[in-house]
Structure formats: C-alpha cells, structure tokens
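Student: Have a look at this one before I ask anything.
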Amino acid sequence: MHAFIVTGASRGLGYAICETLLSDGYFVVGIARNAGPALEGLAARHPERLLAVNADLADAAQAAASVHTALQQLPLPECATITLINNAGVVTPIAQAGHYPADEVVKAIAVNVTAPLLATDALLSATDRLPACRRILNISSGAAAKAYPGWSVYCATKASLDHFSRSVAVEQEGKANPARIVALYPGVVDTDMQGNIRASDEGQFPQKARFDALKSDGALSSPGDAARKIVDYLVSPAFGQLQVVDIREL
C-alpha cells in the first residue's frame with residue numbers, strides 16, 4: 001500500500017492533489033478544518049481509499065494530533081510508502097509592515113510554519129522504526145525567494161518552510177531509513193488564495209494589477225493540472241534530490 005496524508009484537503013490545490021492520488025489508486029487521508037461537500041463527495045466515490053480527519057491547523061495541538069490520527073487509520077506495517085503533503089496555507093495578511101492585523105500574523109505563522117513543522121515531527125517520530133519509504137512534501141511558494149511588498153508575512157513564512165526542509169534533509173542524512181523532504185513551488189494556481197489576492201488593497205499590495213491580469217489572461221494553472229505535475233514528481237526517483245524545487249523548472 002502507498003499511503004498519503006494531505007493537509008488543506010477540502011478545496012483548491014489540496015483537494016485536487018487528493019483527487020489525483022485517488023485516481024492513481026493510492027490510499028489518502030485528507031486533513032481539513034471542515035471536510036465540506038467536495039471532500040465528502042470524493043470520499044463517497046472512494047470509500048475504501050479516502051478518509052477525512054477534521055483539524056484546525058491554526059491550533060498547534062490539533063496540527064500534531066491530526067497526523068497521529070491519520071496514521072492510526074493506516075495499516076502501517078503494510079505500507080510500502082508513507083507520504084505527508086503539507087499543503088494547507090494562508091496568504092493573509094496582505095499588508096505592509098506597520099499595518100499588520102496582529103491576529104492574522106499569528107494565524108499565518110501557525111498555519112504556514114508551526115503546523116507543517118509539527119506535522120513533519122509527528123510523522124517522523126511515529127514512523128521512525130518502520131521500513132516504509134517516507135516522503136514529506138511542503139507546498140511552498142516563489143514568494144519564499146522573491147520579496148513582494150504587502151506579502152512580507154507570507155514571504156517570511158514560506159522562506160521558513162524552505163529552510164526547514166533543507167535542515168531536516170541534513171538531519172536525515174546517514175540514517176538507516178532516511179526520509180526524503182522537499183519544499184515545492186507549485187506556480188500560480190487558480191484557487192481561493194488567488195481570489196484573496198485579487199480582492200486585496202492595492203495600496204498595501206502594489207502588484208495586485210499583475211495578479212488581476214494573470215486571471216483575466218487565463219495564465220493561471222488549474223488545480224487539476226498543477227496536482228498532476230506535483231504527484232508525478234512526488235512519486236518519481238527525482239523526489240528528494242533537491243530540497244527546494246520549482247515545479248515549472250522540472
């Protein structure tokens with residue numbers, strides 16, 4: 001069995017990744033704050049291979065516990081591979097330093113940084129003695145490497161995720177069964193996050209017009225197309241050779 005745990009599974013890219021994995025015959029546990037009708041419908045179509053775990057990843061305790069709960073649903077000794085996809089993320093607050101809503105900063109760090117760190121820790125600790133091949137995919141962003149005014153919080157959290165991935169990869173070197181970990185830039189995907197960007201205040205995000213144009217010009221990737229490329233890379237021998245990868249450069 002090849003098992004995948006996907007956070008942010010109820011919509012957007014996370015949902016599309018779940019759908020693609022299921023179409024390829026894999027077993028999936030989707031983690032979301034609320035399963036919602038889309039994920040529930042997907043579970044109804046694949047009752048033997050999709051399970052849903054409800055968790056608010058802004059809550060650190062739930063972030064770690066959700067992965068342990070997901071692992072408890074799996075016949076771990078039968079798993080040839082166990083993969084964690086840390087996909088959940090928020091782009092807000094779209095605001096420049098000096099204008100931050102403090103509660104939104106706290107939530108962004110919790111969802112974009114704390115949750116994937118604790119989820120990764122939970123997976124590694126729970127599977128340390130298993131023979132299964134373990135993979136961790138962190139969905140990052142080109143904003144980790146390029147500074148955008150108005151996205152300073154988002155840029156900082158994604159840069160943190162990138163360097164976390166590099167650091168864990170170094171920690172795994174030399175282990176008997178090292179896990180492979182990658183931070184991946186999925187490109188600009190047509191999800192609710194893009195809607196939030198287009199609804200932002202141009203005074204706080206000067207590049208708003210560029211993202212408006214990407215939508216109007218049809219330059220956004222569909223979640224399904226992006227998911228297909230991500231899954232193909234994830235299960236390929238190339239996964240883990242580099243720690244930070246832009247899917248558009250593969």
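Student: May I ask you to verify whether Val153 is more than 15 Å from the chain's Cα centre (by Cα), among the aliphatic types (A, V, I, L, M) and surrounded by fewer than 17 Cβ atoms within 10 Å (Cβ to Cβ)?
Tutor: Criteria not met by Val153.
Student: A follow-up question, please. List every residue pair whose Cβ atoms sit under 6 Å apart, with the two residues 6 or more apart in sequence or on different chains, where the first one lies in region 106-122 and is in contact (Cβ under 8 Å) with a residue 12 or more places away in the chain and the second, anywhere, is open to solvent by less than 20 Å² (accessible area, probe 1.4 Å) and among the hydrophobic types (A, V, I, L, M, F, W, C).
Tutor: Ala108/Val153; Ala115/Ala63; Leu118/Ala63; Ala119/Ala63; Ala119/Val67; Thr120/Ile136; Ala122/Val67
Student: Which numbered condition in (1) under 21 Å from Asn196 (Cβ atoms); (2) in contact with a strand residue (DSSP E or B) (Cβ under 7 Å, 6 or more places away or on another chain) is the only one that Ile82 fails?
Tutor: Among (1) under 21 Å from Asn196 (Cβ atoms); (2) in contact with a strand residue (DSSP E or B) (Cβ under 7 Å, 6 or more places away or on another chain), the lone unmet condition for Ile82 is (1).
Student: Which is within 15 Å of the chain's Cα centre (by Cα) and under 27 Å from Asn177 (Cα atoms), of Ile31, Ile109?
Tutor: Only one candidate passes the filter, namely Ile31.
Student: Hey, could you check region 204-250 for residues that are in contact (Cβ under 8 Å) with a residue 60 or more places away in the chain and aromatic (Phe, Trp, Tyr) and say which is nearest to Gly150 (Cα to Cα)?
Tutor: If we take residues in region 204-250 being in contact (Cβ under 8 Å) with a residue 60 or more places away in the chain and aromatic (Phe, Trp, Tyr), then Phe205 is nearest to Gly150 (Cα to Cα).
Student: Another one. If you go through region 218-226 one residue at a time, do you hit one that is over 17 Å from Arg11 (Cβ atoms) and surrounded by fewer than 17 Cβ atoms within 10 Å (Cβ to Cβ)?
Tutor: yes
Yes/no per residue for (1) buried (at least 19 other Cβ atoms within 10 Å of the Cβ); (2) farther than 26 Å from Arg228 by Cβ; (3) within 16 Å of the chain's Cα centre (by Cα):
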| site | (1), (2), (3) |
| --- | --- |
| Gly25 | no, no, no |
| Gly41 | no, no, no |
| Ala55 | yes, yes, yes |
| Ala70 | yes, no, yes |
| Leu84 | yes, no, yes |
| Ala97 | no, yes, no |
| Tyr100 | no, yes, no |
| Leu118 | yes, yes, yes |
| Leu130 | no, yes, no |
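Student: Every residue in region 163-191 that is of a type in the set (Gly, Ala, Ser), in contact with a helix residue (DSSP H, G or I) (Cβ under 7 Å, 6 or more places away or on another chain) and under 14 Å from Phe239 (Cβ atoms), please.
Tutor: Ala179, Ala183
Student: Just one of the numbered conditions (1) more than 27 Å from Asp128 (Cα to Cα); (2) in contact with an Asp or Glu (Cβ under 6 Å, 6 or more places away or on another chain) is not true of Met1; which one?
Tutor: Every condition holds for Met1 apart from (1).
Student: Can you tell me which residue among Ala145, Ala110 is open to solvent by 10 Å² or more (accessible area, probe 1.4 Å) and either under 24 Å from Glu249 (Cα atoms) or among the hydroxyl-bearing types (Ser, Thr, Tyr) (or both)?
Tutor: Residue meeting the stated conditions: Ala145.
Student: Looking at (1) surrounded by 18 or more Cβ atoms within 10 Å (Cβ to Cβ); (2) in contact (Cβ under 8 Å) with a residue 60 or more places away in the chain; (3) acidic (Asp, Glu), which one does Asp201 not meet, given that it meets all the others?
Tutor: (1)
Student: Let me ask something else about it. Restricting to region 116-160, what's the tally of residues that are touching a strand residue (DSSP E or B) at 6+ places or on another chain (Cβ under 7 Å) and of a type in the set (S, T, N, Q)?
Tutor: Going through region 116-160 one residue at a time, the tally reaches 5.
Student: Could you tell me which residue of region 27-39 is least open to solvent (accessible area, probe 1.4 Å), considering only residues that are more than 16 Å from Gln73 (Cβ to Cβ) and either among the aliphatic types (A, V, I, L, M) or free of Cβ contacts under 8 Å to residues at least 24 places away in the same chain (or both)?
Tutor: Only one residue fits best here, namely Ala38.
The values are calculated or read from the model by the stated rules, or taken from the named source; none is laboratory data. Bear in mind that the values here come from a model prediction, so they are computed numbers and not experimental data. Please note: Cβ atoms are built from the backbone with ideal geometry, for glycine as well, and neighbour counts cover all protein chains shown. When the accessible area is computed, the model is the full protein with side chains, heavy atoms only, and any ligands, DNA or RNA have been set aside. Shrake-Rupley method; radii C 1.70, N 1.55, O 1.52, S 1.80 Å.
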